[in-house]
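Here it is, the structure in full.
The values are calculated or read from the model by the stated rules, or taken from the named source; none is laboratory data. Here the structure is a predicted model, which is why all the values come from computation and not from measurement. Cβ atoms come from the backbone with ideal geometry, glycine included; neighbour counts cover every protein chain shown. Protein only, heavy atoms only, side chains kept; ligands, DNA and RNA dropped before computing areas. Shrake-Rupley method; radii C 1.70, N 1.55, O 1.52, S 1.80 Å.
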Amino acid sequence: MAAKEPQSQSKTKTSAQESRPSRPRLRGKVALVTGGSRGIGFAIARTLAAEGCSVVITGRDGATLAKSAAELRRLLPRRPNAHHDNGAKIVAEVCDVRDPNSVASLFAMVKQRFGRLDVLVNNAGIAQPAVAIEQTSLDIWRDAIDTNLTGLFLCTRAALPLMQAGATIINNLSVAARAVFPNFAAYNASKHGALGFTLSLRDELIPRGIRVVALMPGATATDLWQQFWPDAPRERMVDVESVAQAVLYAVLLPPNANLSEVVLTPTGGAL
Ligand SMILES: NC(=O)c1ccc[n+]([C@@H]2O[C@H](COP(=O)([O-])OP(=O)(O)OC[C@H]3O[C@@H](n4cnc5c(N)ncnc54)[C@H](OP(=O)(O)O)[C@@H]3O)[C@@H](O)[C@H]2O)c1
């Protein structure tokens, strides 16, 4: 006869248990989420980990990364009646996507630890203060371009040798990759450039069977808004879970299909 569960566990499920699917669909796969320590990236990492995927998360702040990794480890699906996980791993690695050396050591670690990469989520990104062109300093410009565009290029270039047919690259762009917002020229330029890079990459990788997804969320409730509109109404924005679910849907498609452009916008009207 099976041992009786302690009352507290049998009656109330933890939120981690509730978000675990009954049959993990990404068992044995390896994903890397840049900027996976917070916001949209963390929600994507959580969704992939709950499906049994090994996940590497990166960011610049080591303390936040370590805390987020500990939370993800609690989510890894466990075999029934076993006290160990299914072999999936959560790895936190400090990396600044603007720095080619930092990116090179991140992917050297992935190669050494896993030898492959099935899902790359290029998510790390920043906004900018709302300023007219004349007030846009070279630092504001360089920060946006180096993080949102050059970082995406550096990570993709370093990841490709580890990726095989059937793999997926998700580039988290923004609706700002197509629409423009006055006083956000640096952000707009970085995201328009990133869309150009993404579309070129998509066509280049079709013969190799690697899918490329241009993810274009509208306003999403994260800390990003602190950078230019701290009081923005988060309740009217897309929630990070919805973005993560769209990513999961794209990753789980059969190899002969691609959701090449994903646009998610709030339904509550303009902010
Ligand atoms: N929130 C929105 O409304 C929205 C809408 C459309 C698209 N997006 C895009 O979604 C992505 C994630 O944004 P979010 O809203 O989730 O922002 P967030 O909550 O501020 O998170 C940003 C993440 O990126 C990391 N990051 C920033 N600069 C980095 C760098 N140089 N190297 C490595 N990691 C870096 C951050 O960690 P550290 O600070 O520790 O480095 C953090 O993990 C961005 O590309 C953003 O443009 C956001």
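Expressed as an acute angle from 0 to 90° and rounded to the nearest 10, what is the orientation of the C-alpha long axis of helix 240-252 relative to the principal long axis of the chain?
Compared with the principal axis, the helix lies near 70 degrees.
Right, something else. Compute for region 126-243: radius of gyration divided by Kirkwood radius, i.e. Rg/Rh, restricted to C-alpha atoms, rounded to two decimals.
Taking Rh as the inverse mean 1/r over Cα pairs, Rg/Rh reads 1.01.
I would also like to ask the following. In nanometres, what is the gap between the two model label sites at M109 and T267, each 7 Å from Cα along Cα-to-Cβ?
Each label point lies 7 Å from its Cα, and together they span 4.0 nm.
Work out the charge dipole of the chain with +1 on the Cβ of Lys and Arg and -1 on the Cβ of Asp and Glu about the Cα centre, then indicate which of A250, F114, G269 is farthest towards its positive end.
It is F114.
In whole Hz and in residue order, list the ³J(HN,Hα) couplings for region 116-133 that follow from phi through the Karplus curve 6.51 cos²θ - 1.76 cosθ + 1.60, θ = phi - 60°; x for Gly and Pro.
Rounded to whole hertz, the list is 6, 9, 9, 9, 10, 10, 7, 10, 3, x, 10, 9, 7, x, 6, 9, 5, 3.
Kindly express, to the nearest 10 degrees and within the range 0 to 90, the angle between helix 100-114's C-alpha long axis and the longest C-alpha principal axis of the chain.
Helix 100-114 sits roughly 20 degrees off the main axis of the chain.
Please list, ordered by chain and number, the residues whose modelled amide H lies under 5 Å from the amide H of R178; skip anything fewer than 5 residues away on the same chain.
none
For the chain, what does the alpha-carbon gyration tensor say about shape, rounded, prolate or oblate, given a ≥ b ≥ c as the root eigenvalues, a/c under 1.5 as rounded, and a/b over b/c as prolate? Don't jump to the answer; show the numbers that get you there.
Details: a/c = 1.81, a/b = 1.44, b/c = 1.26.
Prolate, because a/c is 1.5 or more and a/b exceeds b/c.
If one takes the longest principal axis of the Cα atoms in the chain, at what angle in degrees, from 0 to 90 and to the nearest 10, does the Cα axis of helix 62-73 lie?
40 degrees
Working with all protein chains in place, sort V180, V119 by solvent-accessible area computed with a 1.4 Å probe, largest first.
The residues order as V180, V119, largest area first.
Just give me a number: lysine pairs in the chain, eight or more positions apart or cross-chain, with C-alpha atoms less than 21 Å apart.
Values: K4/K13; K29/K89; K29/K111; K67/K89; K89/K111.
Pairs that pass both the separation and distance tests number 5.
Give me the dipole magnitude in Debye, nearest 20, for the chain about the Cα centre, with unit charges on the beta carbon: positive for Lys and Arg, negative for Asp and Glu.
My answer is approximately 1260 debye.
Continuing with the same structure: List every residue whose amide H lies under 5 Å from the amide H of A167, counting only residues 5 or more places away in sequence or on a different chain, with H placed 1.01 Å from N in the peptide plane.
Answer set, sorted by chain and number: R211.
No solvent, one uniform scatterer per C-alpha: report log10 I(q)/I(0) for region 84-191 via the Debye equation at q = 0.16, 0.19, 0.21, 0.24 1/Å, two decimals.
The Cα Debye sum returns log10 ratios of -0.77, -0.96, -1.09, -1.28.
Follow-up. Counting only protein heavy atoms and a 1.4 Å probe, tell me what percentage of the chain's accessible area is made up of carbon and sulfur. Please list the in-between numbers first.
On the way: 7240 of 13690 Å².
Carbon and sulfur: 53 percent of the exposed surface of the chain.
Per residue, how much accessible area does region 23-264 have with a 1.4 Å probe, in Å²?
45 Å²
Counting alpha carbon pairs within less than 8 Å and at least 6 residues apart, what relative contact order, in whole percent, applies to the chain?
About 17 percent, as a whole number.
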